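In what follows, a single structure is set out as structure tokens and then discussed.
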Amino acid sequence: MKHRRNRWPAWTIVFALLCMLCACGGPASSGQEVQTPDGLGADEGNVLSLQTPGLTAGPAGSGSDLIPLSRETDQGCYTLGGHDEGAYDLLCYVDYALAEEIPLCAQPSCAHDSDACTAFLEQGKNAFEPQIGDGSAIFFVMMDHETQQNEIWAADPNGSGRRILMHGDSGTNRHSPVAEDDAFLYYTYYFIRRAEGEEPEVGFRLARVPLAGGECEDISSWEDHYGNGVGYEFLGVSGREIAVYRYDWGAPIEIVVPEGASPEEMDAAIEAQQEKERQQTGYHSVLLVNVDTGTQRELDIWSSTSGSAGRSCLWDQGRLYWCADHTYGPVHWLDTDGQSGELPILPEKSNDENALYTLNRIVQGKILVDCYSPAADSVSRCAIDLSGDPADGGSAGSAQPLTLRYLHAVSERPVRIQGQGEAGLLVLYEESMEQSTGFYEDGTAKSNFSVTMRYGMISYEDYFANRPNYRPVEMSYGFAPR
């Protein structure tokens, strides 16, 4: 008798934790006045491989450099706000100068509760945060509750002129716009093939759709067969290439138990499965995909053992930064042409042997590194000056601790950076929870919990000087959880 193991092994827990820590900082890599999303990854040498064919080699694009999408601009950031206790979502924008979250609607006295409002999003669909590239349009994804199919929408930066660019087919999901040029919007998505009596085959594709509307085109495809054992994440762009992080933990491990097995035999089978999981090796790579030809090359590869991704990675302006996620050491960098180097070693070593190091984001030429201690359930943060790289004439050891914190649940965390612009940083600096009691219709008692989050702007000078000089930001609609 065979039992399929849980498809979320130990490495996925660590992967989720890394994502959570990265998410505390929001988007991380900068390029052409906006930011790209955090990357994740982890130790084994640099490789620049020969190019391999892509799915298609269609007509070349415009030739202009790709612009990564981000919800941030120099003056504020786009958000997805909730309204009427989550009945529907609103497209919003946080204006740093006004210190206020504003629906993308120019109509005076608008209630923001119908299709007549340019911020209102159709009920019965889940929306995902809008992003912007060169500043001429915003892009966001809508998912239908019933069909689970995705649509990619575009709109003017003020929310008007809304139009559909792409409607996902059955068997595809998780569409994610990642970059644009002056002709196309580029996005990634997963596709699933199901054959009767066989495990579904899950693959990942990079595609594009004309900004002016038209047919979608797949650029490159990775057809994997291990489902949850293989995954991909967009890192950033460099010229006409898109950087993708890929991991592969192989096929799920099965528990083999004889029919009529005794409890002791079942325990032994489970222990054998767990031992195999502990010895399982994960393979990781950073791929660069040319959007004009569909060809790809490996920028870096490494492996790790179960329970660790091996590295935490961050992409910024065509450069990959990484550090070992469970080992105290320096921050490394790798350029797309193969040049590499190291930054100063982290300023403080954790006493927790299970400490988890995460590259958070880059702020004002400094890379922020978080260290999570599971034993103490605490996170510390430091900033390493990128100009401290000896290869660039800097001096080693130019790192500093960052001590601004807020109380999250029962433990303290570094203030959560939600955006950065000319005015400084938008941060979550306070979180409080209140409990109240009430009654259901049948008279039985119930408990209600409410969480209040306070956001503020802080100057770069105050942030790096660890001075809690926050200018409160009115978040009337809040960050909708997605």
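The values are calculated or read from the model by the stated rules, or taken from the named source; none is laboratory data. Small disclaimer: the values here were computed from a predicted structure and weren't measured. We place every Cβ from the backbone using ideal geometry, glycine too, and count neighbours over all the protein chains shown. These area figures cover heavy atoms from the full protein model, side chains too; ligands, DNA and RNA do not enter into them. Shrake-Rupley method; radii C 1.70, N 1.55, O 1.52, S 1.80 Å.
Given the residues Ser136, Ser70, Ser176, which is the only one that is polar (S, T, N, Q) and surrounded by fewer than 16 Cβ atoms within 10 Å (Cβ to Cβ)?
On the way: Ser70 fails: surrounded by fewer than 16 Cβ atoms within 10 Å (Cβ to Cβ); Ser176 fails: surrounded by fewer than 16 Cβ atoms within 10 Å (Cβ to Cβ).
Selected residue: Ser136, the only one of Ser136, Ser70, Ser176 that is polar (S, T, N, Q) and surrounded by fewer than 16 Cβ atoms within 10 Å (Cβ to Cβ).
Kindly indicate whether any position in region 456-466 is modelled with pLDDT of 80 or more, under 30 Å from Tyr88 (Cβ atoms) and surrounded by 15 or more Cβ atoms within 10 Å (Cβ to Cβ). Steps first, please.
Going through region 456-466, the residues modelled with pLDDT of 80 or more turn out to be 456-466.
Narrowing further to those that are under 30 Å from Tyr88 (Cβ atoms): 456-457.
Applying the additional criterion that residues be surrounded by 15 or more Cβ atoms within 10 Å (Cβ to Cβ) yields 456-457.
Yes, there is a match, as at least one residue in region 456-466 is modelled with pLDDT of 80 or more, under 30 Å from Tyr88 (Cβ atoms) and surrounded by 15 or more Cβ atoms within 10 Å (Cβ to Cβ).
Restricted to region 318-332, and to residues that are out of contact with any His (no Cβ under 8 Å at 6 or more places or on another chain) and open to solvent by less than 30 Å² (accessible area, probe 1.4 Å), which residue is farthest from Leu386 (Cα to Cα)?
Taking region 318-332 first, the residues out of contact with any His (no Cβ under 8 Å at 6 or more places or on another chain) are 318-320, 324-332.
From what's left, open to solvent by less than 30 Å² (accessible area, probe 1.4 Å): 318, 320, 324-325, 329, 331.
Details: Gly318: 15, Leu320: 13, Ala324: 18, Asp325: 19, Gly329: 16, Val331: 10 Å.
Per the criteria, the residue is Asp325.
Could you list, in sequence order, all residues of region 432-464 that are at positive phi and part of a strand (DSSP E or B)? Can you show your working first?
As a first pass, look at region 432-464 and keep what is at positive phi: 443.
Selection gives nothing.
Quick check on region 349-381: of everything there that is surrounded by fewer than 19 Cβ atoms within 10 Å (Cβ to Cβ) and touching a Pro at 6+ places or on another chain (Cβ under 7 Å), which residue is nearest to Ala309 (Cα to Cα)?
Asn354
Could you tell me which of the residues Ser306, Ser340 is touching a helix residue (DSSP H, G or I) at 6+ places or on another chain (Cβ under 6 Å) and either open to solvent by 20 Å² or more (accessible area, probe 1.4 Å) or within 19 Å of Leu66 (Cβ to Cβ) (or both)?
Values: Ser340 fails: touching a helix residue (DSSP H, G or I) at 6+ places or on another chain (Cβ under 6 Å).
Selected residue: Ser306, the only one of Ser306, Ser340 that is touching a helix residue (DSSP H, G or I) at 6+ places or on another chain (Cβ under 6 Å) and either open to solvent by 20 Å² or more (accessible area, probe 1.4 Å) or within 19 Å of Leu66 (Cβ to Cβ) (or both).
Please work out which one of (1) more than 25 Å from Thr293 (Cα to Cα); (2) open to solvent by 20 Å² or more (accessible area, probe 1.4 Å); (3) modelled with pLDDT of 75 or more; (4) touching a strand residue (DSSP E or B) at 6+ places or on another chain (Cβ under 8 Å) is the condition Ser262 fails and give its number.
If we test Ser262 against (1) more than 25 Å from Thr293 (Cα to Cα); (2) open to solvent by 20 Å² or more (accessible area, probe 1.4 Å); (3) modelled with pLDDT of 75 or more; (4) touching a strand residue (DSSP E or B) at 6+ places or on another chain (Cβ under 8 Å), just (4) comes out false.
Any residue at all in region 184-201 that's open to solvent by 50 Å² or more (accessible area, probe 1.4 Å), closer than 15 Å to Ile138 by Cβ and assigned to a strand (DSSP E or B)?
no
So Ser411 passes all but one of these: (1) touching a Gly at 6+ places or on another chain (Cβ under 9 Å); (2) modelled with pLDDT under 85. Which condition number does it fail?
Failed condition: (1).
If you go through region 167-183 one residue at a time, how many are part of a strand (DSSP E or B) and acidic (Asp, Glu)? Steps first, please.
Let us first name the residues in region 167-183 that are part of a strand (DSSP E or B), namely 167, 172-180.
From the residues that got through so far, the ones that are acidic (Asp, Glu) too are 180.
Final tally of qualifying residues: 1.
Residue-by-condition table, conditions (1) surrounded by fewer than 21 Cβ atoms within 10 Å (Cβ to Cβ); (2) part of a loop (DSSP other than H, G, I, E, B); (3) small (Gly, Ala, Ser):
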position: Asp89; (1), (2), (3): no, no, no
position: Cys92; (1), (2), (3): no, no, no
position: Ile102; (1), (2), (3): yes, no, no
position: Asp113; (1), (2), (3): yes, yes, no
position: Cys117; (1), (2), (3): yes, yes, no
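Residues in region 349-359: is at least one under 26 Å from Gly421 (Cβ atoms) and not basic (Lys, Arg)?
Our first condition is that a residue be under 26 Å from Gly421 (Cβ atoms); within region 349-359, this holds for 358-359.
Cutting the leftovers down to not basic (Lys, Arg) gives us 358-359.
Looking through region 349-359, at least one residue is under 26 Å from Gly421 (Cβ atoms) and not basic (Lys, Arg).
Given Glu129, Glu146, which one is within 30 Å of Val289 (Cα to Cα), open to solvent by 20 Å² or more (accessible area, probe 1.4 Å) and part of a loop (DSSP other than H, G, I, E, B)?
Numbers: Glu146 fails: within 30 Å of Val289 (Cα to Cα).
Testing whether each residue is within 30 Å of Val289 (Cα to Cα), open to solvent by 20 Å² or more (accessible area, probe 1.4 Å) and part of a loop (DSSP other than H, G, I, E, B) leaves just Glu129.
What number goes with the only condition from (1) of a type outside the set (Ser, Thr, Tyr); (2) in a loop (DSSP other than H, G, I, E, B); (3) open to solvent by less than 30 Å² (accessible area, probe 1.4 Å) that Trp315 does not pass?
Unmet condition: (2).
So Thr79 ticks every box in (1) within 26 Å of the chain's Cα centre (by Cα); (2) surrounded by fewer than 22 Cβ atoms within 10 Å (Cβ to Cβ); (3) at pLDDT 85 or above but one. Which box is left unticked?
For Thr79, the exception is condition (2).
For region 210-219, indicate whether the set of residues that are in a loop (DSSP other than H, G, I, E, B), farther than 21 Å from Gly310 by Cβ, modelled with pLDDT of 85 or more and acidic (Asp, Glu) is non-empty.
Yes, there is a match, as at least one residue in region 210-219 is in a loop (DSSP other than H, G, I, E, B), farther than 21 Å from Gly310 by Cβ, modelled with pLDDT of 85 or more and acidic (Asp, Glu).
Scanning for something modelled with pLDDT of 90 or more, acidic (Asp, Glu) and open to solvent by less than 40 Å² (accessible area, probe 1.4 Å), does region 266-283 turn up at least one residue?
Initial filter on region 266-283 (modelled with pLDDT of 90 or more): 283.
Still in the running and acidic (Asp, Glu): none.
Within region 266-283, not a single residue is modelled with pLDDT of 90 or more, acidic (Asp, Glu) and open to solvent by less than 40 Å² (accessible area, probe 1.4 Å).
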